[in-house]
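Take a look at the structure set out below.
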Amino acid sequence: MKDKFYITTPIYYPSNKLTLGNSYTTIVCDALARFNRKLGKDVMYLTGTDEHGQKISQSAKNAGKSEKEYLDEMVEDTKSLWKLLNISYDKFIRTTDDYHEKAVQKIFKQLYDNGYIYKGSYKGWYCTPCESFWTDSQLKDGKCPDCGREVKFQEEEAYFFKLSAFADKILNLYEKNPEFLQPKSRVNEMVNNFIKPGLSDLCVSRTSVKWGVPVDFDPKHTIYVWIDALPNYITALGYGSDDDSLFKKYWPADVHVIGKEIVRFHAIVWPAILMALGIDLPHRVFGHGWILFGGDKLSKSKETGKKECIDPRVLVPLYSADAIRYILYREIPFGSDGNYSTEMFLTRFNSDLSNNYGNLVSRTFSMVKKYFNSIIPEGEELSQQTDLELKNAVDREVENTMNYMEKLDVTKAISSIMNIFTEANTYIQKVQPWAVAKEENSETRLKTILRNLLEVIRIGSELLEPFLPTSSRKVLDALNIEEKVFKNLNNFKGLEAGQRLKEIDILFPRLDVNAESEKLFKIANQ
Ligand code: MSP
């Protein structure tokens, strides 16, 4: 039986405009999902939308629409953006899906029956945009500590989840299972900021919020959005329905990938809910950092004070989804915050995609065309020093890529893959195939050199495909590689000699950085 790999993004608030910033989680998960498929695993990649709560209801009202009408449009919009960015999710869950709502009601009842939910009354500071209650001591300068906005004092009858009963169990979990929450710094954040100061019971129902899943045994209450949202990871697999075969197959999740501001919910509240239900915990929760634009989450450039263009709907048609994906994998160190700027994007486009990968492919293909009429040549067993060095370097980077992907480190993985192409470009400079071609009796040597280059392009493109699915696939198709799983990554014997290379267009035409930069600033600031 195939190994399984179950990976999830958070479910998105459909009212948030999708930008390079919040697309990040999904783009990262896509590379991880595709990579695991190429490893031959049975992958389930889940994403979706988080559709209940006051904020959504308010946004629908502002748009002059019913919630359903508003949400259907926003969800279509979200799906179309994922399509544009080549996101290969296997399932899309909406928290307004009937099966999800029913399962959440069952889960709430189960928690109540197990003695983990009780009725009380809630007083506290409520932040509407974050849908969170805060105590006096948690407020920051009297405002919401998460988003910095105004909070208002609210009191209402409510159900509570006994989160306080789980403090020791969660600490024990982090201690016994250091893999559970990553990167390590997030564990310290959770322990010092939330668990050590004392976990309070969590208010898990509202009588004032109408747009939500009703508590079936007390319908004037609706279920708190996070208690409705977190279980999506199991309800999407049929937990709480008549058919839970997917749940049996894929749960526990191999990884929940989330942004750092929602680690608290995933690494404290979610495991507590699962423990209370008697369900196994996910293997890993990974809290990535934020993409910062000019030093903060807004999109203004620090140097010019102008807005950066961070709209994928503008960027993808101009530069391709692959290029947008590339910059996020490459520039934001996975697990930490990272900066994005238009200039950095355009410069990297030229240096890494045009000059390194693109140029290697085009010059190798044109040499094979010129010297061998585009027929893939047979190569000799490697014996020359330069060839052996190339092979060793490629082997090393393949191994690095595998190890980094095991740790989910997409940034280090993609930089190892790009090293493969750099090595091949250096090899060309060293062996100078055009000079070899002029020597007498050099045909066998020239064949081996070009064969080596094609093999390195093949191996690198195989590894790159989960990250840049369109351009890498074009190259693999041109090399006549149909295989969808990794094969022959540690040898130079993956190509069939005698086959003809297919013609391939320039992958990433070089950009004029100044002109493009000006164009993008104009679009973003008009
Ligand atoms: N609905 C909740 C999640 C519930 S999961 C049970 C939510 N949604 S969100 O739409 O606000 O966020 C979706 C994802 O986008 C989160 O992982 C969040 O961290 C991420 N990001 C939003 N802005 C971001 C950046 N500027 N940079 C990187 N990721 C960011 O939270």
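The values are calculated or read from the model by the stated rules, or taken from the named source; none is laboratory data. Everything numeric in this text was worked out from a predicted model, so none of it was measured. Ideal geometry is used to build each Cβ from the backbone, glycine not excepted, and the neighbour counts take in all protein chains shown. Areas reflect the complete protein model, heavy atoms only, side chains present, ligands, DNA and RNA absent. Shrake-Rupley method; radii C 1.70, N 1.55, O 1.52, S 1.80 Å.
The table that follows gives values for the structure above.
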item	result
Surface share of carbon and sulfur [accessible, 1.4 angstrom probe, percent] for the chain	48
Alpha carbon convex hull of segment 367-483, volume per residue in cubic angstrom	106
Length gained when the stretch Ser366-Ala63 is fully extended (0.36 nm per residue, less Cα-Cα span)	103.6 nm
Simple Cβ-charge dipole of segment 445-512, Lys/Arg +1 and Asp/Glu -1, about Cα centre, in debye nearest 20	300
DSSP-assigned coil residues among GluC sites (Glu not before Pro) in segment 126-225, each with at most 16 further Cβ atoms within 10 Å	Glu150, Glu179
Helical contribution to [θ] at 222 nm, DSSP H n ≥ 4, -39,500 (n - 2.57), averaged over the chain, rounded to 500	-14000 deg cm²/dmol
Under-5 Å amide H pairs with Ala158, H placed in peptide plane, nonlocal only	Gly120, Ser121, Tyr122
Cα lying deepest toward the dipole's positive end in segment 200-344, options Val257, Trp211, Pro312, charges on Cβ	Pro312
In Å, descending, principal axis extents of the Cα set of segment 168-249	39, 36, 19
Given charges at Cβ of Lys, Arg, Asp, Glu: segment 312-478 dipole, positive-most of Ile327, Leu382, Thr342	Thr342
Any cysteine of the chain lacking a neighbouring Cys Cβ under 4.7 Å - listed by number	Cys29, Cys147, Cys203, Cys309
³J(HN,Hα) computed for each position of segment 175-191 - Karplus, 6.51 cos²θ - 1.76 cosθ + 1.60, integer Hz, glycine/proline x	6, 6, 10, x, 6, 4, 10, 9, x, 3, 4, 5, 5, 4, 4, 5, 5
Restraint check, Lys2/Lys79; Lys91/Lys474; Lys41/Lys249, Cα-Cα greater than 19 Å	Lys2/Lys79; Lys91/Lys474
Overall dimensions of segment 19-99 by Cα: Rg and Dmax, Å	14.8, 48
Solvent-accessible area per residue for segment 28-94 (1.4 angstrom probe, square angstrom)	38
Set of segment 186-228 residues, backbone N closer than 14 Å to the point 7 Å along the Cα-Cβ line of Leu139	none
Karplus-derived 3J(HN,Hα), 6.51/-1.76/1.60, for each residue of segment 433-450, Hz, glycine and proline x	x, 5, 6, 4, 4, 7, 6, 6, 6, 9, 4, 4, 5, 4, 4, 4, 4, 5
Column: log10 I(q)/I(0), Debye, Cα scatterers of segment 238-293, q = 0.15, 0.19, 0.23 Å⁻¹	-0.52, -0.74, -0.95
Karplus-derived HN-Hα couplings along segment 357-368 (A = 6.51, B = -1.76, C = 1.60, θ = phi - 60°), whole Hz, x at Gly and Pro	5, x, 5, 4, 5, 5, 6, 5, 4, 6, 5, 5
Accessible area expressed per residue, segment 312-478, with surrounding protein chains retained (probe 1.4 Å, Å²)	37
Per-q log10 I(q)/I(0), segment 4-293, q = 0.11, 0.15, 0.16 Å⁻¹ (Debye; single scatterer per alpha-carbon; no solvent)	-0.64, -1.31, -1.54
Calculated FRET efficiency for the pair Asp243/Asp3, C-beta based, R₀ 35 Å, to 0.05	0.95
Overall dimensions of segment 54-187 as given by Cα atoms, namely Rg and Dmax in Å	19.1, 51
0 to 90° range, to nearest 10: angle between helix 469-478 axis and the chain longest Cα axis	30
Viscosity 1.567 mPa s, temperature 4 °C, Stokes-Einstein D of the chain from Kirkwood C-alpha radius, µm²/s	51
Whole-number accessible area per residue in Å² for segment 166-247, which is evaluated in the context of all protein chains at 1.4 Å	44
Under 18 Å from the Phe217 label point (7 Å along Cα→beta-carbon), backbone N, segment 96-114	102-114
Point-charge dipole on Cβ atoms (K/R +1, D/E -1) for segment 312-478, about Cα centre, debye to 20	540
Placed amide H near Val151: partners under 5 Å, 5+ positions off or other chain	Cys144
Total charge dipole magnitude, the chain, about the Cα centre, Cβ charges on Lys, Arg, Asp, Glu only, Debye to nearest 20	460
Placed amide H near Val285: partners under 5 Å, 5+ positions off or other chain	Leu181, Gln182, His256
